[in-house]
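Worksheet: the structure to be examined is printed underneath.
The values are calculated or read from the model by the stated rules, or taken from the named source; none is laboratory data. No experiment lies behind these values; they were computed from the predicted model shown. All Cβ positions, even for glycine, are placed from backbone atoms using ideal geometry, and neighbour counts span all protein chains on display. SASA here: full protein model, heavy atoms, side chains in, ligands and nucleic acids out. Shrake-Rupley method; radii C 1.70, N 1.55, O 1.52, S 1.80 Å.
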Amino acid sequence: MKKTQYIFVIIGFLFSTNLVAQKKIKSPYNSKRQTPAAMLDEAQRLSEDSPSAAIKVIEKIISNKNDKSAYALLDEAYFILGKIYEDINQNDLAIERYKTALTYTSRKDGDQQALIYYRLGILALEQENKQNANINFDKCINLSTDDLQKYQCETGKIDVLILNNENDLALAELNRLQTLKSNDSLALVQIETRKSQVYSQMDDFTNAALSIQNAYNTMPQEIDLPESDMDQVEKTQDKLYENEKLTNKKKIEIQNSLEYKDKNFRGNIAKENFRLSKIYEEENDMEGMVYALDISKEYIDESTETKLIADVYKKSYEYNLKAGNADAAFTDLDKYIKAKEQSITELETKLKQEVEIVKSQKSIDISQSDIKLQEKENDLMKSQLTTQRIVIGLLSLLVLASLVFFYFLNRNIKAKKRANQLLELKSLRTQMNPHFIFNALNSVNNFIAKNDEKAANKYLSEFSHLMRMVLDYSKQDFITLREEIELNKLYLKLEHFRFRDKFDYTFESDIDGQELEVEVPPMLIQPFIENAVWHGLRYKTETGKLSVSFTKEKNDIIVTITDDGIGRKKSKALKTANQKNHKSTGLNNVSNRLAVLNSTYNKNFSIYISDLDDSKENIGTVAKIILPITSTNQ
């Protein structure tokens, strides 16, 4: 009797658990909210004018991945993301998003796959990866059922031939396409543009100029030409004039021979005549220079790039000033200053937009991480449901069924414990990145605020490289010591670039060979370097010193970060009330991560922090990190 009651209790428990589990894996999508298809349309609409807003919309689609209608649109969502990153020249991020889009594309949808492979081919071309570009263009041609898409991929393969200086073969292919597309004016513009590139590489400047003229003549007047085609023609013209074998006399001859149709080419006429004015100046033909400048100014309008406007009026101002034309010089100077200010404003806006896009991209990565964790949880829950049904079916065997049940229960408890540890570790890594990104972006804002365009551009370029490393490494529990050293060298370089008047530094390592392949937690050392700079050296009145060294002692690698800053006590005393209430995210995060890592992987990472010299006014700080030289047991 008691056994029977026990069995009914188990059955009731299993059924109740089954219902709870089903509720847990229910789709979070709310039918009253905007549909995924509508959100995708909105993201597409926002992608050009407000890319960061588009990314936020796409993040909502990705977060609703469990809804079938949202899941079916993930390939298009990631494609839009890739195009956004491609537009701001973040090509590595664009490639990553395009490849993710491919994983969600249905095998039946060959045209969508072809479009993605076409974009991957274009990016490979920009990176001069000719083999990869050819592979992607071939896949595009084989998958596409659309003639226009196939034509674009064929022109991509011709671009590979041009890049490879296979000029005769490229010309043969272009002539073949010209015959096939004889009634397509836009295609003929693209073909003539590429023929000009080939002739320029062959030093046949007459035919190169003729092809450019043919491209201009072929452009349709009844419609506005796509911006990408106009850009391609202008870039081709730029490459022609950059050819070292082309003399100034020939450049003048070519430029004066070109005839423009006014509707589409006002900006190009202004640009090319400004270029012509510089050539005349090199030839000491002041009359020709002034004539070309006047034409350039005549064709400037509201659509002209502000940088070009500033350059034109700057040269005109310099000439009028030397010629003694004071009134004209002051007029040109006023227009130059206004254009330059507008150019700086546009650059600042562009930089802010790119920073916002990078920050939004981090949100996408976090959403992806959450989705993967949710998928694992759902898979585990479904596995439990299957196990429970099996146990219910075997309850007639009583004791055997009970043993099986408890066996699976015990195994799942261990799996959950392991999964929870890994989840905590991922969560700590996720917390680390926003803290790091926020501190780094402060430096970018500092340079922008000072209108130090050159420093901002240099810092942003280095910062972009560092961000890619941080984002790549943050997905891993461990990276090699070599990678950690490389990351911290770059980070310290950036910090010194900003605070170069505050401290000098040394970065030394006697670690080599296989020891550089030792696995360490990512972003372990950076918070200590950051604390040394921001809380120790920054407050010194004289130039401080910071030393980072890597040495081997027995079976350990010792990382020592030493600074002669003001010390921990004095730094704490200088903190504001708000700062005292704020917890040290970086160091607390490192301590928590090491505790989880030591527990999960049976490691013995340790940290020691002490004062450098109590007898000095600036006490300084020494931080030691001990890394055991053992392989990680995953």
Q: Only residues in the stretch 150-176 that are under 18 Å from CYS140 (Cα atoms) and without any contact (Cβ under 8 Å) to a residue 60 or more places away in the chain count as the first member; pair them with residues that are of a type in the set (S, T, N, Q) and open to solvent by 60 Å² or more (accessible area, probe 1.4 Å), Cβ under 6 angstrom, at least 6 apart or cross-chain, and list the lot.
A: none
Q. Hey, ASP204 hits all of (1) in contact with a helix residue (DSSP H, G or I) (Cβ under 6 Å, 6 or more places away or on another chain); (2) under 16 Å from LYS239 (Cβ atoms) but one; which does it fall short on?
A. (1)
Q) Within the stretch 445-498, restricting attention to residues that are open to solvent by less than 20 Å² (accessible area, probe 1.4 Å) and aromatic (Phe, Trp, Tyr), which residue is farthest from VAL518 (Cα to Cα)? A) PHE447
Q. Within the group LYS569, LYS545, LYS552, which residue is open to solvent by 70 Å² or more (accessible area, probe 1.4 Å) and part of a helix (DSSP H, G or I)?
A. LYS569
Q: Please name all residue pairs, on different chains or six or more residues apart, with Cβ atoms under 7 Å, provided the first residue is in the stretch 177-201 and is among the aromatic types (Phe, Trp, Tyr) and the second residue is part of a helix (DSSP H, G or I) and at pLDDT below 90.
A: TYR199/ASN207; TYR199/ALA208; TYR199/SER211
Q) Which fully enclosed helices (runs of 4 or more DSSP H) of the stretch 64-123 have 2 or more residues being touching a residue at least 60 places away in the same chain (Cβ under 8 Å)? A) 74-87, 91-104
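If you take the residues of the stretch 94-112 that are of a type in the set (A, V, I, L, M, F, W, C) and surrounded by fewer than 22 Cβ atoms within 10 Å (Cβ to Cβ), which of them is farthest from LEU46 (Cα to Cα)?
At the first step, the residues of the stretch 94-112 found to be of a type in the set (A, V, I, L, M, F, W, C) are 94-95, 101-102.
From what is left, the residues that are surrounded by fewer than 22 Cβ atoms within 10 Å (Cβ to Cβ) are 95, 102.
Numbers: ILE95: 21, LEU102: 22 Å.
It comes out as LEU102.
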**Q.** Qualifying positions in the stretch 156-187 - among the aliphatic types (A, V, I, L, M), closer than 19 Å to MET230 by Cα and open to solvent by 30 Å² or more (accessible area, probe 1.4 Å)
**A.** LEU186
Q. Could you say whether any residue in the stretch 363-386 is part of a helix (DSSP H, G or I), more than 24 Å from ALA94 (Cβ to Cβ), among the hydroxyl-bearing types (Ser, Thr, Tyr) and modelled with pLDDT of 70 or more?
A. yes
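Being closer than 14 Å to THR562 by Cβ, part of a helix (DSSP H, G or I), touching a helix residue (DSSP H, G or I) at 6+ places or on another chain (Cβ under 7 Å) and not β-branched (Val, Ile, Thr) is the filter here; which residues of the stretch 500-542 pass it? Can you show your working first?
Of the stretch 500-542, the ones closer than 14 Å to THR562 by Cβ are 503-508, 525, 528-529, 531-533, 536-537.
Adding the requirement that they be part of a helix (DSSP H, G or I) leaves 528-529, 531-533, 536-537.
Among the residues that remain, those that are also touching a helix residue (DSSP H, G or I) at 6+ places or on another chain (Cβ under 7 Å) are: 529, 531, 533, 536.
Correct list: ASN531, GLY536.
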Q: Residues that are farther than 25 Å from ALA209 by Cβ and of a type in the set (Gly, Ala, Ser): find the helices (runs of 4 or more DSSP H) completely inside the stretch 252-324 holding 2 or more of those.
A: 306-323
Q. Limited to the stretch 521-549, what total is found for residues that are among the hydroxyl-bearing types (Ser, Thr, Tyr) and within 13 Å of TYR491 (Cα to Cα)?
A. 0
Q) Scanning the stretch 609-632 for residues that are surrounded by 13 or more Cβ atoms within 10 Å (Cβ to Cβ) and among the hydroxyl-bearing types (Ser, Thr, Tyr), which turns out nearest to ARG568 (Cα to Cα)? A) THR621
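Taking the options LEU293, LEU333, LEU321, LEU258, name whichever one is hydrophobic (A, V, I, L, M, F, W, C) and under 39 Å from the mean Cα position of the chain (by Cα). First the steps, then the outcome.
On the way: LEU293 fails: under 39 Å from the mean Cα position of the chain (by Cα); LEU321 fails: under 39 Å from the mean Cα position of the chain (by Cα); LEU258 fails: under 39 Å from the mean Cα position of the chain (by Cα).
Criteria check complete, one pass: LEU333.
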